[in-house]
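The values are calculated or read from the model by the stated rules, or taken from the named source; none is laboratory data. Quick caveat: nothing in here was measured; it's all calculated off a predicted structure. Neighbour counts are summed over all protein chains in view; Cβ atoms, including those assigned to glycine, are modelled from backbone coordinates with ideal geometry. Accessible surface is based on the protein model in full, side chains and every heavy atom, while ligands, DNA and RNA are left aside. Shrake-Rupley method; radii C 1.70, N 1.55, O 1.52, S 1.80 Å.
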Amino acid sequence: MILILHPEIDKESSEFSALMEHLANLPDIQSRVHEERGTEQVLTEVYLVGNTAALDADEIGALPAVERVVRVSEEYRILGRHRDDQRPTGFDYNGVHFDQDNLNIFAGLCAVDNPEHVEQMMKALQDNGQVCTRMGAYKPRTNPYSFQGHGKSCLPYVFELAGKYGIKVIAMEITHESHLDEINEALEQTGNPTGVMLQIGTRNTQNFELLKIVGRQQTHPVLLKRGFGITLEESLNAAEYLASEGNSRVIFALRGMKTNMGDPHRNFVDFSHVPVVKRLTRMPVCIDPSHSVGTREAGADGILDVMHVAAQGVVVGANMILVDFHPHPGKALVDGPQALTMNELPYFIEDVTIAREAYEKRVALIKRQPH
């Protein structure tokens, strides 16, 4: 059960104290307080865990400070969609809005290699009206001898260049709690010129201790990639780990499943799950066409498979695209064969726009359908 408090209630108020005192006396019930931070106000929610079926929702709703009560199912208690649940499906971060009704493109370097390529990428993004990017500083690799990222040494120039070219949010994977400290230190050192969305990669989807640590911090939103060898339910429960620790600003990313049934693509494309995740949860949904396809092969129509797959995800309602670009893919230190080029960036954006318009027309069409 979730208690949504009146907007003017804060944890220092007498009404809040009276409410928590009442809840503490309920048998077999534990409470956890969570704050949803918006651009203009902070909304406080209280999660009740235990034998909530025995509680009278009307009685609980009449308690001091309570605006409304939402009964929740066992699964995805915080991030899930529940009956009579009118909580928002998104959040704002560093001037960028993320929800289940809009679309943001994160084009950038899978792995940071040098300042020149970072600057070329960010300038191209600015020239094409983009304010988000992906930049890989920490790279978990299957082969221990493969390049694993420049780590904290590249963070200062990445953040400074982001500020120079108006990049507001960088999606950046972390694999260890120390990376979080390094990112925060570099942001402070450079004057916080940009924002960072912490990415949990597919290999760490069930690294529960890392999920807990990232969930406890509420400075940065989180992009959680689906585990490539586990079920959708298991991956969604990983997202719930983040929210249960306090950070519900989570975006769920589909990146393909590891199976040879996806051949000749690198992974089996799973973007049909975009509407499924949006139905089951309140999370915005990201697609990663680059890691799903893994090549620059084109169809008979001349359109790259990466662009076809991206359009497939967007036309069913994807809210974010994580896609690899590089000024010189042949010189990329990671995943060069799948990276698009700077010259292809405006065409990719226009192609995505066409797919997004098609999705919006589909939504408008179904709304006109008589019920």
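Quick notes on this one:
- Fully extended contour minus Cα-Cα distance, from Lys123 to Arg362, at 0.36 nm per residue: 82.6 nm
- Rounded D (µm²/s) - the range 237-371, Kirkwood Rh over Cα pairs, Stokes-Einstein at 37 °C, 0.692 mPa s: 203
- Our analysis of the range 173-329 gives Rg over Rh at 0.99, with the two radii drawn from alpha carbon positions and Rh computed by the Kirkwood formula.
- Per residue, the chain exposes an accessible area of 46 Å² to a 1.4 Å probe, with every protein chain left in place.
- Dipole moment magnitude, nearest 20 debye, the chain about Cα centre, only Lys, Arg, Asp, Glu C-beta charged: 940
- Ala171 long-range amide H proximity, modeled H, under 5 Å: Thr133, Arg134, Met135, Met197
- Restraint check, Lys152/Lys331; Lys212/Lys258; Lys123/Lys361, Cα-Cα greater than 28 Å: Lys123/Lys361
- Karplus-derived 3J(HN,Hα), 6.51/-1.76/1.60, for each residue of the range 187-192, Hz, glycine and proline x: 4, 5, 4, 9, x, 6
- Springs join every pair of Cα atoms under 10 Å in this Gaussian network model of the chain, and among Asn102, Asn25, Asn204 the largest mean-square fluctuation is at Asn25.
- Nearest 10 degrees, 0 to 90: helix 305-315 Cα axis against the chain principal axis: 30
- Long-range tail of P(r) for the range 61-177 (Cα pairs > 24 Å, %): 47
- Rolling a 1.4 Å probe across all protein chains gives Tyr157 an accessible area of roughly 50 Å².
- Compared with the direct C-alpha span, the chain from Asn114 to Thr259 gains 48.9 nm at full extension, assuming 0.36 nm per residue.
- Residues whose amide H lies under 5 Å from that of Gly149, counting only those 5 or more places away or on a different chain, are Lys139; hydrogens are built 1.01 Å from N in the peptide plane.
- Candidates Gly229, Gly246, Gly201, ranked by Gaussian network fluctuation over the chain, Cα under 10 Å, top entry: Gly229
- Near the amide H of Asn104, within less than 5 Å, lie the amide hydrogens of Met320, Ile321, all on another chain or at least 5 residues away, with H placed in the peptide plane.
- Carbon plus sulfur fraction of accessible area for the chain, probe 1.4 Å, in percent: 48
- Here the calculated FRET efficiency for His328 and Asp301, from their Cβ-Cβ distance with R0 = 25 Å, stands at 0.40, rounded to the nearest 0.05.
- Most mobile of Arg356, Arg216, Arg87 in a GNM of the chain (Cα contacts under 10 Å): Arg87
- For the pair Gln86 and Ala24, the difference between a 0.36 nm per residue extended length and the Cα-Cα distance amounts to 19.7 nm.
- Heavy-atom accessible area for Val334, with the other protein chains in place and a 1.4 Å probe, reaches approximately 10 Å².
- Relative to the longest principal axis of the Cα atoms of the chain, the long axis of helix 232-244 lies at roughly 60 degrees.
- Whole-number Å³ per residue for the convex hull built on Cα positions in the chain: 160
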